[in-house]
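Following: one structure in structure tokens, then a few remarks.
The values are calculated or read from the model by the stated rules, or taken from the named source; none is laboratory data. Worth saying up front: this structure is predicted, and the values here are computed from it rather than measured. All Cβ positions, glycine included, derive from the backbone under ideal geometry; neighbour counts span all protein chains shown. Note: accessible area is taken over every heavy atom of the protein model, side chains too, but ligands, DNA and RNA are not part of it. Shrake-Rupley method; radii C 1.70, N 1.55, O 1.52, S 1.80 Å.
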Amino acid sequence: MSKNIKIKLHNEVNKLSDFERIKEESNYLRGTIVDDLNDTLTNGFKGDNYSLIRFHGMYQQDDRDIRIERMQQKLEPKYAMMLRCRLPGGVITPKQWLKIDDFASKHTLYGSIRLTNRQTFQLHGILKNNLRKIHQILHDVGLDSIGTANDVNRNVLCTSNPVESFLHYEVYSWAKKISEHLLPRTKAYAEIWLNQKKIITTENEPILSKTYLPRKFKTGILIPPHNDIDLHANDMNLIAIAKEEKLIGFNVLVGGGLSFEHGNHSTWPSLSTEFGFIPLNNILNVVEAIITTQRDWGNRVNRKNAKTRYTLQKYGIQKFKNEVENRSNVKFSSIRPYKFLMRGDQFGWKKGINGKWNLTLFIPGGRLRDDVNQLLKSGLIEIAKIHTGEFRLTANQNIIVANIDNANKTIIENLASRYGFMVLRSPLEENSMACVSFPTCPLAMAESERILLSFIKKLENIMIKYSVNNEKIIFRISGCPNGCGRSLLAEIGLVGKSLNRYNLYLGGNTIGTKLASLYAENLNESELFDKLDNLIQLWSNKRQLNENFGDFCIRYNIVKEIKNSILDFWN
Ligand code: SRM
Ligand code: SF4
């Protein structure tokens with residue numbers, strides 16, 4: 001580890017970040033949100049409430065395409081909220097979907113639904129006066145948006161493919177259980193958004209505490225050999241271990257995360273570290289001990305170093321692990337063997353082990369909308385109207401129409417074809433992902449979702465030129481180094497640097513177990529595709545039999561392999 005980093009992390013001036021004050025003074029996340037809801041002079045939330053609504057699953061945003069124009073006209077920015085639903089493991093019924101779609105069509109500025117890469121959906125462009133309406137709709141269909149943002153445990157991921165074994169049902173039930181166990185207990189959500197009367201006068205947050213966690217916390221559960229959730233993006237991972245088709249426990253990994261700041265060497269991405277195996281009956285104790293250790297030891301002074309990976313770095317893996325063992329009264333045993341062979345989604349039809357059918361549909365950039373070129377949003381409504389199973393949102397912004405009865409198979413196939421879901425896509429496109437970025441994301445530095453398809457086309461043309469267009473490359477774009485598009489786990493990862501300029505990262509692998517490394521900085525579009533042209537040509541000429549692009553970039557010394565991210569990421 002570099003000395004500079006150590007000095008920086010350990011000599012913090014002990015002034016808590018202002019977010020700690022906001023949480024402390026919020027009266028268990030209430031703040032004065034209700035007053036702001038009644039304030040008709042502005043479309044936004046003020047002061048601390050701007051941050052507090054995030055704990056209830058909403059972000060205040062404004063349309064960045066028209067921000068300057070409105071400033072010039074001396075108008076308030078066009079404020080509207082984005083709402084992110086809580087959907088552990090991404091499972092949602094057609095009935096729930098129809099209600100949400102109806103709200104999105106009638107009451108949002110953009111009229112679209114955005115599937116996220118954490119197996120849920122976001123509604124962008126909700127005006128303040130419609131917020132209670134959407135929360136009531138969610139509540140009526142058994143959903144909520146609690147804990148999908150800010151300093152809590154976020155939507156829990158779970159391998160989404162229901163086909164492969166009976167394990168999927170049981171493992172999914174753990175995703176739900178853990179999500180619920182780690183939820184905030186405050187009744188603020190029900191009081192504010194559902195107009196429920198205050199029934200208790202004292203509140204208690206036994207797991208999260210009055211000031212909640214130091215920073216966001218992410219949990220994923222997965223079933224090898226499929227790393228479809230990209231485990232290394234999460235603070236806590238549970239890898240299902242089975243014996244004779246029966247779930248017996250989980251390997252536990254801690255401290256993954258992908259964000260960094262351009263030029264700030266005290267921030268870095270990190271893979272998750274193996275802690276050990278825990279049998280099923282002790283899992284909730286251990287999960288709770290991990291989160292409470294992070295709660296108590298995580299950095300509450302500097303939010304840039306507040307995530308679990310920095311806590312592990314500061315205290316050391318062994319000390320953190322011992323603390324978890326002490327708190328849970330459970331000892332980790334050695335990691336049980338597991339192997340990843342793939343990630344991403346498997347598109348098209350698959351017959352499940354229960355005899356029912358599953359159809360995985362690719363959703364470009366995760367965006368469901370109707371426009372001149374596509375009617376995907378309407379298509380899904382038509383499917384939802386007749387589907388008797390469920391939908392499963394994947395961690396790659398796609399959707400599985402799951403558990404389809406034999407009788408419905410042809411009807412759903414016809415609908416999927418008619419509405420443009422079944423078009424032939426290249427392996428590159430099927431393995432692509434982009435974060436939301438402009439116009440709604442306040443942190444966006446460069447375009448992402450909106451340029452995804454045109455960048456794919458350009459890269460596809462290069463791949464055709466060098467006859468490697470039947471190969472898959474994991475290609476991802478993030479509009480800034482927060483890394484929401486998980487670009488640092490891609491074989492070709494773009495990270496926004498400034499408007500229309502990107503840093504190019506290479507060398508991730510096809511199973512998501514390697515971080516990509518910086519290859520070139522601050523490229524405009526033509527510089528970027530010139531570089532990619534050279535690289536793809538080289539790969540096509542010099543690759544070993546079936547060698548993937550990311551592996552080739554490492555073997556051919558195009559970029560250095562990141563073995564220890566603290567040491568290697570910035571050097
Ligand atoms: Fe993210 C912040 C969108 C997955 C790391 N992310 C944001 C915000 C809310 C911007 C903001 O703070 O105001 C973005 C909203 C844009 C918009 O208009 O919708 C945003 N993040 C997304 C989504 C929708 C990207 C997508 O296209 O799918 C994903 C929503 C997931 C969900 O349903 O909960 C999303 N974000 C991720 C991931 C990937 C993952 O979790 O697998 C990461 C990297 C993994 C990690 O956490 O290290 C990620 N988002 C961030 C960060 C950096 C956090 C950090 O550790 O420093 C921020 C900024 C922050 O929290 O301060 C951020
Ligand atoms: Fe916004 Fe940056 Fe996340 Fe993209 S990576 S959604 S630009 S915060």
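Each residue in region 185-215 was checked for being more than 18 Å from R21 (Cβ to Cβ) and buried (at least 20 other Cβ atoms within 10 Å of the Cβ), and 3 of them qualify.
The number of residues in region 377-400 being under 18 Å from the mean Cα position of the chain (by Cα) and surrounded by fewer than 22 Cβ atoms within 10 Å (Cβ to Cβ) comes to 0.
Scan region 349-395 for residues that are under 15 Å from I411 (Cβ atoms), touching a helix residue (DSSP H, G or I) at 6+ places or on another chain (Cβ under 7 Å) and either small (G, A, S) or at pLDDT below 95 (or both) and the total you get is 2. Scoring N541 on the criteria (1) more than 30 Å from A149 (Cβ to Cβ); (2) assigned to a strand (DSSP E or B) leaves a single failure, condition (2).
Scanning region 61-81 for residues that are open to solvent by 10 Å² or more (accessible area, probe 1.4 Å) and in contact (Cβ under 8 Å) with a residue 12 or more places away in the chain turns up Q61, D62, D63, R64, D65, I66, E76, P77, K78, Y79.
Would you confirm, using the coordinates I've provided, whether T120 is buried (at least 21 other Cβ atoms within 10 Å of the Cβ) and free of Cβ contacts under 8 Å to residues at least 40 places away in the same chain? Even if it seems obvious, please write down each step before you answer.
Values: buried (at least 21 other Cβ atoms within 10 Å of the Cβ): yes; free of Cβ contacts under 8 Å to residues at least 40 places away in the same chain: no.
The answer is no for T120.
For region 430-449, the set of residues classified as near ligand 1 (Cβ under 8 Å from one of its atoms) and surrounded by 21 or more Cβ atoms within 10 Å (Cβ to Cβ) consists of M433, A434, C435, V436, S437, T440, C441, A444, S448, E449, listed by residue number.
Scan region 437-468 for residues that are within 8 Å of ligand 2 (Cβ to nearest atom) and without any contact (Cβ under 8 Å) to a residue 12 or more places away in the chain and the total you get is 0.
Quick check on my filter: what residues within region 347-376 are over 30 Å from K106 (Cβ atoms) and surrounded by fewer than 18 Cβ atoms within 10 Å (Cβ to Cβ)? Walk me through how you get there before you give the answer.
The initial filter retains those residues of region 347-376 that are over 30 Å from K106 (Cβ atoms), namely 347-358.
Of everything in region 347-376, those that are over 30 Å from K106 (Cβ atoms) and surrounded by fewer than 18 Cβ atoms within 10 Å (Cβ to Cβ) turn out to be F347, G348, W349, K350, K351, I353, N354, G355.
Condition check for L238 on (1) within 20 Å of the chain's Cα centre (by Cα); (2) modelled with pLDDT under 95: one failure, at (2).
How many residues, within region 425-436, are part of a loop (DSSP other than H, G, I, E, B) and more than 16 Å from ligand 2 (Cβ to nearest atom)? Break it down into steps so the answer makes sense when it comes.
Within region 425-436, the subset part of a loop (DSSP other than H, G, I, E, B) is 425-426, 431, 435-436.
Add one more test, that the residue is more than 16 Å from ligand 2 (Cβ to nearest atom), and what stays is 425-426, 431.
Here the count works out to 3.
Residue count for region 469-516 satisfying the condition of being open to solvent by less than 10 Å² (accessible area, probe 1.4 Å), polar (S, T, N, Q) and more than 12 Å from ligand 2 (Cβ to nearest atom): 1.
Please enumerate the residues belonging to region 539-558 that are without any contact (Cβ under 8 Å) to a residue 24 or more places away in the chain and aromatic (F, W, Y). The answer is F552, Y556.
Residue selection: Y419 satisfies the criterion of being touching a Gly at 6+ places or on another chain (Cβ under 7 Å), away from ligand 2 (no atom under 15 Å from the Cβ) and open to solvent by 10 Å² or more (accessible area, probe 1.4 Å). Among the residues examined, I100 does not qualify as buried (at least 24 other Cβ atoms within 10 Å of the Cβ) and farther than 30 Å from D18 by Cα.
Tell me the residue from R185, R215 that is free of Cβ contacts under 8 Å to residues at least 40 places away in the same chain and either assigned to a loop (DSSP other than H, G, I, E, B) or under 15 Å from E288 (Cβ atoms) (or both), please. It would help to see each step written out before you state the result.
Working: R215 fails: free of Cβ contacts under 8 Å to residues at least 40 places away in the same chain.
Result of the check over R185, R215: R185.
Residue-level check: of (1) within 13 Å of ligand 1 (Cβ to nearest atom); (2) modelled with pLDDT under 95, R476 misses just (2). Taking region 231-317 as the region of interest, the strands (runs of 3 or more DSSP E) fully inside it that hold 3 or more residues being in contact with a Gly (Cβ under 8 Å, 6 or more places away or on another chain), without any contact (Cβ under 8 Å) to a residue 60 or more places away in the chain and at negative phi are 273-279.
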